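The values are calculated or read from the model by the stated rules, or taken from the named source; none is laboratory data. Note that the coordinates shown come from a computational prediction; the quantities given were computed from them, not determined experimentally. With ideal geometry, Cβ positions are generated from the backbone for all residues, glycine too; neighbour counts draw on all protein chains shown.
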Amino acid sequence: MEKRKLSFWEIWNMSFGFLGIQMGFALQNANASRILQIFGAHVEELSWFWIVAPLMGLIVQPIIGHYSDNTWGRFGRRKPYFLIGAILASIGLILMPQAEIFIAFLPSLWVGAGMLMIMDASFNIAMEPFRALVGDNLRTDQRTLGFSVQTGLIGIGAVVGSWLPYVLTNFLGIQNEAAEGSVPTHLLLSFVIGALVLVGSILITVLTTKEYSPEELDRFEDEMAHKKALEIENIPEKAKLTDIFTDFVKMPVTMRQLSWVQFFSWFGLFGMWVFTTPAVAHHTFGLPIDDSSSEAYQEAGDWVGVLFGVYNLIAAFFAFGLPKIAYLIGRKRTHSLSLLIGGLGLISMYFMPDKNWLILSMVALGIAWASILAMPYAILAGAIQPKKMGVYMGIFNFFIVIPQIINALIGGPIVKYLYNGNAIFALVTSGVSFLIAAILVVKVKDVDDVVKN
């Protein structure tokens, strides 16, 4: 028995919920730092607040992966998890920029940080099952396409989320100024819109996508082929939560090799997300390091949203070309070259003469971002036993969140004491990290390529 070959639009609908997830994620990435600064955080403290994001991923994704592997009911296997995650994330999106309404109970800064934690935990609840769903529903020859479509939708959602505050102000006239300590109206409205799109897009996936039952997965002939090729032991009928630790020890060789690629890729991404706004405000716009409330700073923050939208837009288009490129030169070479281009793009931000030139840097970053979201998962899916797809996708997230936690702990002090508060050097560091990841891809074993040969 073989999995049914899905049409492009079936794959599109299956991943459509990621559009809403990434729209909310983009709103957070582009605006959380300045919202926290509005509430009183200093630039060197930003990475400490952001530590909650990878920490939630470290805790939540393997657990959700384990339980989604072992869940089956009238609503399916993966779908209940990303629906619940979407609802919780939408609550965090609405309340984070309005944290000042809770000031009678706690300082708004801490309420904002708490809502950031809720959002991140919820994004992880919704995100992990989507990765596993692609591995569940698609045949080996469609997985690169599946993760590429997913990446394209991620890019579209991120573009809308990143550009939304800028569009509301510059095209619809929504106010982008507020009293000191308050979040501007255009940001409040952006987060509410993001919450609505998030829930709506998830519902489209839930209502249009059929999942294979555990019994159907058991009958697929390719499962036995994977067991034989990868020498994976039979899995007990009832897996325990503690099996996560055993699975971690027994992870496939390909996964171990990809872990180092992921480490340096996501170390660089985290530094870019946290420090781009203060870096652009200071280095490109020429504003004082401690300026976080002026109209000029809000303009710089809105421009960072535009830049983030550019790299996500490029990623959305480039993602649909990844299957063809990977077919011609291989997935490893595709990923390595993409990371190289992205690393040079980040480093180039230091040398760009004005804000418009930064768009070119973002074009290069978008190429790397598309590949980061697709290639490692396409390579990994071929090395994972189907019944363990969810838990191993969750464990794989360790190598995304651990580098972010490390960067969160050391990034702020490095900017403050080594870079003298000049956050642009954090972006250069992120670029160098990408270059290291590009080199490490060469050592990865792509199981599907080996089988084909």
key: Only listed residue being part of a helix (DSSP H, G or I) and either modelled with pLDDT of 90 or more or surrounded by fewer than 22 Cβ atoms within 10 Å (Cβ to Cβ) (or both), chosen from LEU241, LEU258, LEU287   = LEU258
note = Log entry, pairs with first residue in the range 274-302 being on the phi > 0 side of the Ramachandran plot, second being surrounded by fewer than 16 Cβ atoms within 10 Å (Cβ to Cβ) and of a type in the set (S, T, N, Q), beta carbons closer than 6 Å, six or more apart or on different chains, reads none
query = Among the candidates GLY146, GLY173, which residue alone is part of a loop (DSSP other than H, G, I, E, B), at pLDDT 80 or above and small (Gly, Ala, Ser)?
reply = GLY173
ask   = Scanning for something over 21 Å from the mean Cα position of the chain (by Cα) and closer than 21 Å to VAL432 by Cα, does the range 259-275 turn up at least one residue?
value = no
request  = Collect the residues in the range 76-104 that are surrounded by fewer than 22 Cβ atoms within 10 Å (Cβ to Cβ) and modelled with pLDDT under 80, keeping them in residue-number order.
outcome  = GLN98, GLU100, ILE101, PHE102, ILE103, ALA104
message = I'm trying to understand the selection: among the residues of the range 116-138, which are over 14 Å from ARG77 (Cβ atoms) and over 18 Å from the mean Cα position of the chain (by Cα)?
response = LEU138
note = Here, helices (runs of 4 or more DSSP H) confined to the range 1-61 with at least 3 residues that are within 19 Å of the chain's Cα centre (by Cα) and either closer than 21 Å to SER182 by Cα or of a type in the set (A, V, I, L, M) (or both) are 17-38, 46-50
